[in-house]
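These notes are about the structure you will find just below.
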Amino acid sequence: MATSSKKAVKKSGPRKVRTNFAEYARLRTVLDSLEIGALRYYLDAPSAAERKAHFEKLQSALLPIIREIWGQSEGIAPVCPEGYIDCGGVCVPYQCVGGSF
């Protein structure tokens, strides 16, 4: 009687990586602080000129980080993933709001 050995066949596809919930929670906390802090920094400026300066400072500091995270090059329009919209050079999951960027 012949014997055969069958090896388990692994399904190909994306490998699931376990989420480190402590890191995830810390990242959410850092992002929440950034969002609220940036808005307060902008809105609390005492004059229109200072508000404009705060806007420019925030945008110039944050856009390189956004480009890095989304894998974009400066000066090249982003290729946003399905379900995201290019809104002035940044990918967002909603229609653009506000003026021209």
Out of all the residues in the range 35-76, which are of a type in the set (A, V, I, L, M, F, W, C), surrounded by 10 or more Cβ atoms within 10 Å (Cβ to Cβ) and free of Cβ contacts under 8 Å to residues at least 24 places away in the same chain?
36, 39, 45, 53, 55, 58, 61, 65, 70
Being over 15 Å from the mean Cα position of the chain (by Cα) and either closer than 23 Å to residue 63 by Cα or not aliphatic (A, V, I, L, M) (or both) is the filter here; which residues of the range 17-32 pass it?
18, 19, 20, 21, 23, 26
Among the residues of the range 4-11, is there at least one that is touching a strand residue (DSSP E or B) at 6+ places or on another chain (Cβ under 9 Å), at pLDDT below 95 and not hydrophobic (A, V, I, L, M, F, W, C)?
no
Checking the structure you have, find out if any residue of the range 80-97 is in a helix (DSSP H, G or I) and either of a type in the set (Phe, Trp, Tyr) or in contact with a Pro (Cβ under 6 Å, 6 or more places away or on another chain) (or both).
no
Among the residues of the range 47-72 satisfying the criterion of being in a loop (DSSP other than H, G, I, E, B) and under 25 Å from residue 30 (Cα atoms), which is modelled with the highest pLDDT?
71
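The values are calculated or read from the model by the stated rules, or taken from the named source; none is laboratory data. All values reported here derive from a predicted model rather than from experimental measurement. Glycine gets a Cβ as well: all are built from the backbone with ideal geometry, and neighbour counts include every protein chain shown.
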